[in-house]
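Accompanying notes for the structure given below.
The values are calculated or read from the model by the stated rules, or taken from the named source; none is laboratory data. All values derive from a computational prediction rather than experimental measurement. Glycine gets a Cβ as well: all are built from the backbone with ideal geometry, and neighbour counts include every protein chain shown. Ligands, DNA and RNA are stripped out before the accessible areas are found, and what is left, the full protein with its side chains, is counted by its heavy atoms. Shrake-Rupley method; radii C 1.70, N 1.55, O 1.52, S 1.80 Å.
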Amino acid sequence: MSGEAKAGLRPDAIGLREVLFQSITAMAPAAAVAASIPSGAAFAGGSLPLAVLIALVACLFTASCVAELARELPSAGSVATYAAQGLHPAVGFLVGWGYVFVEALIPPLLLLQLGFTTAGTLHQEWSSYPTDLWWPWALAGAAIIAAAGYFGVRASARFGTVLGVFEVLVFLVFAVWLIGKAGGDNTLSVFGTSHTPADHEGISGVFAGSVYTVLAFAGFEAAAPLAEETRNPRRTMHRAVLGAALSIGLFYVVTTYAMTVYFGPDRFAAFGASGNASWEGVARASFGFFWVLVFLAVVNSTIANANACANVSTRTAFALARIRVLPGLFASLHPRYRSPVAGIAVQTVVAVGAVLGLGFGYDPVTAFLLLATVIVTVVIGVYIVVNLACAGYFLRRGRAKLKPVRHLVLPVLGIVAFVPALLTAAGLPVFDFVSELTAPVSYAGPVVGVWMAAGIVVLVVLMRRHPERIAETARVHLDDPTPSGLPQNGAAQR
């Protein structure tokens, strides 16, 4: 491993504020409010605020598990280390293999959204602007994210904090405005089942809406891979993961409530991500120039989310590379900024290649849906494994700290909550509200299958030739006696 890699990631570079917003921006709150959450309106109708509240409670089960493991095992390997410690190093490797893959695909996903959202809005304002000129905006976003990552975690995290504050404030101000304008139409009945549409009536419609809504919470764990660069990581990681999930969950509840009572609960089933019945449509029709702030907040959210997930993918790759289960190139660090520059370069190439290849091969919206399906399928699978790992860790290694409700009951509830979301994301029609996926979005399953099959092949080879490397996935480098976090006396060479 190179001299730069031996120096390790930059310790104590960031604190709770930056780490908290790492998770917040990874959840893309503005984009989720404007695009993801409205997908549940077709099922929950004007009871969507209740669906969001149920999704929040469900996600807090898993967020609690991640937070507990992040406190016990502060590591750049995050979910891979948790699975290795709580279940088996081989499971940890496969979790890391899948996680680094999908986290590397999130930046191109968001860059596609940045491209087609910006181009579409410009075309709506000036018809002479062609909608197919989306790619320059995507490439500009890629350059911004690469630059932020290059200058180190402090610059990248602070950049994400500024972006995160802006998008949250814009939608909170708009939500308060909507609640005020709703006046006497404000009602707590939207937290009941009386406003569900006729074809998804009652609690079943609310449940279906919550399954689609739960996908908006993905990313709350994104603080965890920054553990080795964070001050007081055991305490900070725990607070950041739980704080992000709870605060943004409440943000989702407030903003969804505001739009529901303003738009009208009994006609909210027609609400969506675009057109007149959307956040931007309402802002354009009723609040004049304020729609520009809503648009900028969504654009801002795509960049902030891509930036946060680039941090996750490069740190996870670094953690796997330093134990030599990924090429050592990914463990190369900048001598001054201590950023994983090789990983950032590869991440940028992957992002640009996926954006242009899929965007031109299909179209940017179709490419977005394909990548989203791949990502959500793997990420929810990772959440389910992490819930199992939480129970396994405290049963096997942390008996002295075992708390039955927190470490056994909540993991089970987390699994129960995410299984329907996994089936929905994969398009498996187990429930009547799940739609089968059509090509090319249906290719997501085979793509995930091929990647994980390749991971199994790599795992088998490493287990036969270098079993100690797989065992190292369970290692928490911050617990090493050496400042560098590297083994002494050739421990990794056993």
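Return a yes/no flag: does segment 227-238 have any residue that is open to solvent by 40 Å² or more (accessible area, probe 1.4 Å) and assigned to a helix (DSSP H, G or I). Looking through segment 227-238, at least one residue is open to solvent by 40 Å² or more (accessible area, probe 1.4 Å) and assigned to a helix (DSSP H, G or I).
Within segment 38-60, the set of residues being within 17 Å of G414 (Cα to Cα) and surrounded by fewer than 24 Cβ atoms within 10 Å (Cβ to Cβ) comprises L53, I54, L56, V57, A58, L60. Taking the criterion of being more than 22 Å from L358 (Cα to Cα), open to solvent by 30 Å² or more (accessible area, probe 1.4 Å), part of a loop (DSSP other than H, G, I, E, B) and not β-branched (V, I, T), the residues of segment 403-435 that qualify are K403, L428, P429, F431, D432, S435.
Of the listed requirements (1) of a type outside the set (K, R); (2) within 25 Å of Q85 (Cβ to Cβ); (3) at pLDDT below 90, L428 misses just one: (2). If you filter segment 325-364 down to residues that are open to solvent by 10 Å² or more (accessible area, probe 1.4 Å) and hydroxyl-bearing (S, T, Y), you find that the one that is nearest to T62 (Cα to Cα) is T348. Scanning segment 365-399 for residues being closer than 20 Å to V100 by Cβ, modelled with pLDDT under 90 and either open to solvent by less than 10 Å² (accessible area, probe 1.4 Å) or of a type outside the set (S, T, N, Q) (or both) gives a total of 2.
Out of V312, V254, one residue alone is open to solvent by 30 Å² or more (accessible area, probe 1.4 Å), of a type outside the set (F, W, Y) and under 26 Å from Q22 (Cβ atoms). It is V254.
Among V346, V379, which is the only one that is touching a Gly at 6+ places or on another chain (Cβ under 9 Å), hydrophobic (A, V, I, L, M, F, W, C) and in a helix (DSSP H, G or I)? So the residue among V346, V379 that is touching a Gly at 6+ places or on another chain (Cβ under 9 Å), hydrophobic (A, V, I, L, M, F, W, C) and in a helix (DSSP H, G or I) is V379. The residue pairs whose first member lies in segment 93-115 and is in contact (Cβ under 8 Å) with a residue 12 or more places away in the chain, whose second member is open to solvent by 10 Å² or more (accessible area, probe 1.4 Å) and charged (D, E, K, R), and whose beta carbons are closer than 9 Å, counting only pairs six or more residues apart or on different chains, are F93/R469. Against the test of being in contact (Cβ under 8 Å) with a residue 12 or more places away in the chain, open to solvent by less than 10 Å² (accessible area, probe 1.4 Å) and either in a helix (DSSP H, G or I) or within 17 Å of V376 (Cβ to Cβ) (or both), the options A63, A90, A76 yield a single qualifying residue, A63.
Looking at the structure I just gave you, is T424 more than 20 Å from the chain's Cα centre (by Cα) and under 20 Å from L109 (Cα atoms)? Considered against the rule, which asks whether it is more than 20 Å from the chain's Cα centre (by Cα) and under 20 Å from L109 (Cα atoms), T424 comes out as no. For segment 200-219, does any single residue satisfy the condition of being within 16 Å of T260 (Cα to Cα), assigned to a loop (DSSP other than H, G, I, E, B) and touching a Gly at 6+ places or on another chain (Cβ under 7 Å)? No, segment 200-219 has no match at all. Somewhere in segment 47-69, is a residue of a type in the set (G, A, S) and in contact with an Asp or Glu (Cβ under 6 Å, 6 or more places away or on another chain)? No, that holds for no residue.
For segment 159-180, state whether one or more residues are within 24 Å of A444 (Cβ to Cβ) and either in contact with a Leu (Cβ under 7 Å, 6 or more places away or on another chain) or part of a helix (DSSP H, G or I) (or both). Walk me through it before giving the result.
Let us first name the residues in segment 159-180 that are within 24 Å of A444 (Cβ to Cβ), namely none.
There is no residue in segment 159-180 that is within 24 Å of A444 (Cβ to Cβ) and either in contact with a Leu (Cβ under 7 Å, 6 or more places away or on another chain) or part of a helix (DSSP H, G or I) (or both).
Taking residues in segment 218-241 that are farther than 21 Å from V379 by Cβ, and partners anywhere that are of a type in the set (G, A, S) and assigned to a helix (DSSP H, G or I), the pairs with Cβ atoms closer than 6 Å and at least 6 places apart or on different chains are P233/A227. Scanning segment 120-139 for residues that are surrounded by 15 or more Cβ atoms within 10 Å (Cβ to Cβ) and of a type in the set (G, A, S) turns up G120, A138. Taking every residue in segment 338-366 that is within 22 Å of T118 (Cβ to Cβ) and pairing it with any residue that is outside any helix (DSSP H, G or I), at least 6 positions away or on another chain, the pairs with Cβ-Cβ distances below 7 Å are Y362/P440; P364/W134; T366/P440.
The numbered conditions (1) polar (S, T, N, Q); (2) at pLDDT 80 or above; (3) open to solvent by less than 40 Å² (accessible area, probe 1.4 Å) are all true for T438 except (3).
Would you confirm whether or not segment 311-329 contains a residue that is over 27 Å from P467 (Cβ atoms), part of a helix (DSSP H, G or I) and modelled with pLDDT of 90 or more?
yes
If the condition is being more than 21 Å from P29 (Cα to Cα), in contact (Cβ under 8 Å) with a residue 12 or more places away in the chain and open to solvent by 70 Å² or more (accessible area, probe 1.4 Å), then segment 155-192 contributes K181, D185.
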